[in-house]
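If you scroll down you'll find the structure; I have some questions about it.
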Amino acid sequence: MRTKWIAWAVVNVAVLATFTIGLIAPASNLPSESLKRAWLPGETTHGHYQIELDCDACHDPSGNSSEPSASDVMQDACISCHGEQLELANDTHPSKKFRDPVHADLLNIINAQDCLTCHREHVPDQTLNMGLTLPSDYCWHCHQDIGESRPSHVGMTHDTCATAGCHNYHDNRALYEKFLADHHGASDHIEGGRVPHRQTRETLSRSDWEMVALSLEQSDAPEPVETTPELLQDWQETAHAAAGVNCSMCHGGSESKTPTATPWNDHVAMETCQECHAKQVDTFVTGKHGMRLGAGMSPMNTAMARLPMHTSSGGQDAVHGGAAHAELTCNACHAGHRFDTKYAAAEACLNCHADDHSLAYADTAHAALWAAELDGSGEVNSGVSCATCHLPRLESGEGVFVNHDQNASLRPNETMAREVCLNCHSLEYSLSALADPQGKTQCYGNPPTQRTKSVEMAHEWFEQQEAKRRARQKRSP
Ligand code: HEC
Ligand code: HEC
Ligand code: HEC
Ligand code: HEC
Ligand code: HEC
Ligand code: HEC
Ligand code: HEC
Ligand code: HEC
Ligand code: HEC
Ligand code: HEC
């Protein structure tokens, strides 16, 4: 009996010790991963599952000496990763709005200063789209009066405020009344619609870069490095050789050359690309593709995904090459030494993505436009590839660059209307297409079945205000 007790105690201590080590050890430490997983009280959201084993990303490590808990979650952590994004989105409900005494009493109804009021974690059964863990009728708690003050809103039910195309809680940049009204009356399809032209050169982080084209003879890989004629040709025929970016700039190996004077390395780290392409790397690490690299973990791969991916290299997947365990580094789309941005824009995506929406793309009007641009029958920048929508070309101080955070304009999807669709469609058409229940699965390959009324409503509201103003002017000469 006594030996049994001792054995039981030893096992317990051992289990406790391994769990404790698991918690203290860094997230990237493999043996501890399964232990951390065992501590998780429940799955994390679609947005965070990739980094869920990095408990300290959200839990205060000094406050969880025994075990992470609900009370050690750091609101600061949410803000350090999302603060800038919400600020750029011109957040409709920022904390500071509720510091105003006029609105402060609303906090007794819903504590809108605390992210966790609406975004809890590890509660998969309560989690809605976009990590929301609050019933969807909560807008009404603070905005009960709107039905009375706006005739257009009379009779609307409590849970319709945030349906697609009406309002968002944070990001209303495409939905502000003035924005809506300003875009009233445009035609569904804008004649000659184009996306902006890329300005890779202007947006390089090394603005002092001298663009002196290199020939094959000038390639500077040291002797023992094995190259193939294809590799050399790919480099020579494409942008990097044309812009004077030699082998050693990416691989190191040459003592006199900048930026890297390390011994030759066949592998090229993301940080090397960053020396010249900081904007692309900085945006890459804040989206679903690069967030694990951003958190100092191993790259994301297709085997870890929750969305459907091509997971074998045989059968039907062979059409797109198959991509079991394909890793998400810069090379995932910019394969080989061509750094071919056209290949990257659609073909590369379909090596991995196998959900209904992605697979429907090939049969859409947009895909036909992209094919036409590729074969030269369509105008430059008139095609719509996966990247046109998901890696949009954005204006920065220095010029137009490709935003490599494919989540920045994904949800709420009105962000995409503003940044992408408006180049070629009216706002009303775009919002309607994005709100269409079948839109996503059909990859926007059919006209919207219903039209969103918000543009019309905003237009009427401003017309009425204008009419009242004119009537007042008439009365007082
Ligand atoms: C993306 C941020 C995030 C990460 C990463 C994260 N958590 Fe949490 N965790 C939270 C939030 C937010 C809560 C608060 C939930 C609430 O208030 O109900 C929480 C609550 C908890 C709780 C208390 C649950 C309860 O019902 O009281 C435990 C235990 C916990 N986390 C453990 C972990 C462990 C272990 C890890 C790492 C393996 C981890 N968490 C990773 C955000 C995170
Ligand atoms: C009163 C509820 C509420 C509070 C408080 C809240 N959110 Fe949200 N959040 C939402 C809703 C609703 C959505 C869904 C999209 C929308 O309506 O804007 C959302 C979406 C998001 C998104 C994804 C979409 C986007 O617009 O980028 C992020 C990121 C986010 N919230 C972060 C935060 C952070 C960080 C805090 C704390 C500073 C916070 N939220 C506080 C309700 C809330
Ligand atoms: C280490 C950085 C990091 C921390 C800490 C973090 N997030 Fe996130 N969060 C991300 C990334 C990256 C994504 C996925 C990309 C995206 O959706 O923008 C994401 C996604 C989300 C989404 C879902 C967006 C969607 O489209 O589904 C919400 C909501 C959100 N975070 C809120 C929070 C809140 C609230 C906290 C604090 C408890 C928090 N985040 C902590 C990095 C972080
Ligand atoms: C905790 C209370 C609270 C909740 C919950 C809340 N709001 Fe608000 N909302 C406010 C306050 C306060 C203002 C600012 C009003 C003002 O400036 O006069 C505001 C402003 C707005 C505005 C006008 C923004 C502008 O500047 O024109 C819209 C639209 C809006 N909210 C929609 C929503 C929607 C949709 C929801 C639910 C997804 C929601 N609100 C949930 C308190 C809340
Ligand atoms: C998901 C696929 C994908 C990944 C991963 C990816 N890119 Fe791109 N990249 C593209 C596409 C597509 C384009 C061209 C888009 C266009 O023409 O509008 C592009 C364009 C570029 C350009 C030139 C356009 C510009 O912004 O001026 C650079 C530089 C670039 N990528 C660097 C990188 C770096 C560095 C990484 C790794 C951090 C990376 N890319 C990862 C798809 C990807
Ligand atoms: C713009 C950056 C860049 C330049 C310039 C460049 N490479 Fe590479 N090279 C890469 C990347 C990225 C890889 C893939 C690395 C990985 O898998 O981690 C690679 C891989 C290689 C490999 C490994 C075998 C293979 O094909 O994957 C060799 C050998 C190589 N490069 C030789 C060269 C030579 C020779 C030159 C000059 C003619 C050159 N590289 C120029 C980025 C570059
Ligand atoms: C030493 C600087 C430097 C480094 C390091 C570098 N690039 Fe470039 N990259 C350039 C220059 C310069 C251009 C050409 C700009 C132009 O022609 O407008 C370019 C162009 C590109 C393009 C656009 C190609 C096209 O056809 O438009 C892509 C994509 C790209 N780089 C990706 C990468 C990736 C991925 C890495 C890391 C593996 C990398 N670059 C490393 C300087 C660099
Ligand atoms: C090497 C494989 C790979 C390639 C190539 C790739 N992706 Fe992804 N992508 C992923 C994985 C893995 C995720 C994360 C999926 C998940 O969370 O379930 C992802 C996420 C996404 C998301 C976010 C989905 C969400 O629900 O938040 C979008 C959008 C996306 N990819 C678009 C693209 C586009 C567009 C391209 C081409 C320009 C591309 N991807 C290329 C593997 C890939
Ligand atoms: C016309 C613009 C457009 C094109 C073209 C497009 N997408 Fe999307 N994609 C969207 C929108 C909008 C969403 C949904 C956002 C939402 O409402 O959740 C989406 C969602 C996704 C998602 C998330 C799917 C999910 O189930 O949550 C992935 C992955 C994705 N797209 C990849 C791709 C790939 C790969 C291609 C090219 C083969 C592509 N998309 C082409 C606009 C587009
Ligand atoms: C570069 C221009 C361009 C961009 C950007 C663009 N589209 Fe289109 N779109 C077109 C053209 C051109 C057509 C075809 C019109 C026709 O058939 O006459 C089209 C057709 C459509 C159709 C109807 C498909 C059909 O077969 O009738 C929908 C729905 C649509 N687009 C939605 C969107 C949405 C949503 C976005 C933004 C996420 C978007 N588009 C971005 C140019 C664009």
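The values are calculated or read from the model by the stated rules, or taken from the named source; none is laboratory data. Quick caveat, the model's predicted, so the values are computed rather than measured. Cβ sites come from the backbone with ideal geometry, for glycine too, and all protein chains shown count toward neighbours.
Which residue is farthest from residue 422 (Cα to Cα), if the candidates are limited to segment 194-222 and must be in contact with a strand residue (DSSP E or B) (Cβ under 7 Å, 6 or more places away or on another chain) and not basic (Lys, Arg)?
Selected residue: 203.
Yes or no, residue by residue, for (1) within 16 Å of ligand 2 (Cβ to nearest atom); (2) touching a strand residue (DSSP E or B) at 6+ places or on another chain (Cβ under 8 Å); (3) not assigned by TED's automatic domain parsing to the domain that holds residue 243:
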site	(1), (2), (3)
142	yes, no, yes
161	yes, no, yes
185	no, no, yes
190	no, yes, yes
230	no, no, no
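Count, please, the residues in segment 355-384 that happen to be under 27 Å from residue 309 (Cα atoms) and hydroxyl-bearing (Ser, Thr, Tyr).
3
Across segment 424-477, what is the number of residues that are buried (at least 19 other Cβ atoms within 10 Å of the Cβ) and in contact (Cβ under 8 Å) with a residue 60 or more places away in the chain?
The initial filter retains those residues of segment 424-477 that are buried (at least 19 other Cβ atoms within 10 Å of the Cβ), namely 424-436, 439, 443-444, 448, 452, 454-455, 458.
Next cut, in contact (Cβ under 8 Å) with a residue 60 or more places away in the chain only: 424-429, 431-432, 434-435, 443-444, 452, 454-455, 458.
The total comes to 16.
Out of (1) farther than 21 Å from residue 164 by Cβ; (2) at pLDDT 95 or above, the odd one out for residue 446 is which?
For residue 446, the failing item is (1).
Give 105, 159, 125, 137 a once-over and let me know the one that is at pLDDT below 90 and outside any loop (DSSP other than H, G, I, E, B).
The conditions single out 105.
Right, another one. Just name the residue that is farthest from the chain's Cα centre (by Cα) out of those in segment 141-156 that are in a loop (DSSP other than H, G, I, E, B) and farther than 14 Å from residue 457 by Cβ.
Only one residue tops the list, namely 145.
Mind checking which pairs have a first residue in segment 189-208 that is on the phi > 0 side of the Ramachandran plot and a second that is surrounded by 15 or more Cβ atoms within 10 Å (Cβ to Cβ) and aromatic (Phe, Trp, Tyr), Cβ under 8 Å, 6 or more apart or different chains?
Pairs found: none.
To continue, here is another question. Just to be sure I understand, how many residues within segment 53-83 are in contact with a helix residue (DSSP H, G or I) (Cβ under 7 Å, 6 or more places away or on another chain), closer than 29 Å to residue 162 by Cβ and outside any strand (DSSP E or B)?
Qualifying residue count, segment 53-83: 5.
Inspect segment 465-477 for any residue being touching a helix residue (DSSP H, G or I) at 6+ places or on another chain (Cβ under 9 Å) and either outside any loop (DSSP other than H, G, I, E, B) or within 16 Å of ligand 2 (Cβ to nearest atom) (or both) and give the result as yes or no. Step through it out loud before you land on a result.
First, pick out the residues of segment 465-477 that are touching a helix residue (DSSP H, G or I) at 6+ places or on another chain (Cβ under 9 Å): none.
Checking segment 465-477: not a single residue is touching a helix residue (DSSP H, G or I) at 6+ places or on another chain (Cβ under 9 Å) and either outside any loop (DSSP other than H, G, I, E, B) or within 16 Å of ligand 2 (Cβ to nearest atom) (or both).
Let me ask something additional. Can you pull out every residue in segment 188-213 that is over 24 Å from residue 389 (Cβ atoms) and surrounded by 12 or more Cβ atoms within 10 Å (Cβ to Cβ)?
Hits for segment 188-213 are 201, 204, 205, 206, 209.
Take the residues of segment 61-92 that are touching a Phe, Trp or Tyr at 6+ places or on another chain (Cβ under 8 Å) and near ligand 1 (Cβ under 8 Å from one of its atoms): which is nearest to residue 395 (Cα to Cα)? Let's see the steps before the verdict.
Of all residues in segment 61-92, those touching a Phe, Trp or Tyr at 6+ places or on another chain (Cβ under 8 Å) come to 67-68, 92.
The next check asks that each one be near ligand 1 (Cβ under 8 Å from one of its atoms); those that pass are 67-68.
Details: 67: 45, 68: 41 Å.
Looking at the filtered set, the residue picked out is 68.
Now, a different point. Does residue 86 fit the bill of being in contact with a helix residue (DSSP H, G or I) (Cβ under 7 Å, 6 or more places away or on another chain) and either over 24 Å from residue 409 (Cα atoms) or touching a residue at least 24 places away in the same chain (Cβ under 8 Å) (or both)? Explain how you work it out, then say what you get.
Details: in contact with a helix residue (DSSP H, G or I) (Cβ under 7 Å, 6 or more places away or on another chain): no; either over 24 Å from residue 409 (Cα atoms) or touching a residue at least 24 places away in the same chain (Cβ under 8 Å) (or both): yes.
No: the conditions fail for residue 86.
Among 91, 114, which is touching a helix residue (DSSP H, G or I) at 6+ places or on another chain (Cβ under 9 Å) and touching a residue at least 60 places away in the same chain (Cβ under 8 Å)? First the steps, then the outcome.
On the way: 114 fails: touching a residue at least 60 places away in the same chain (Cβ under 8 Å).
Sole residue among the options that is touching a helix residue (DSSP H, G or I) at 6+ places or on another chain (Cβ under 9 Å) and touching a residue at least 60 places away in the same chain (Cβ under 8 Å): 91.
Sticking with this structure for a sec: Given the condition in contact (Cβ under 8 Å) with a residue 40 or more places away in the chain and assigned to a loop (DSSP other than H, G, I, E, B), answer yes or no: does some residue in segment 363-376 qualify?
yes
Restricting the first residue to segment 338-350 and requiring it to be more than 15 Å from ligand 9 (Cβ to nearest atom), which pairs with a second residue that is aliphatic (A, V, I, L, M) meet a Cβ separation below 8 Å and a spacing of at least six or different chains?
The qualifying pairs are 339/239.
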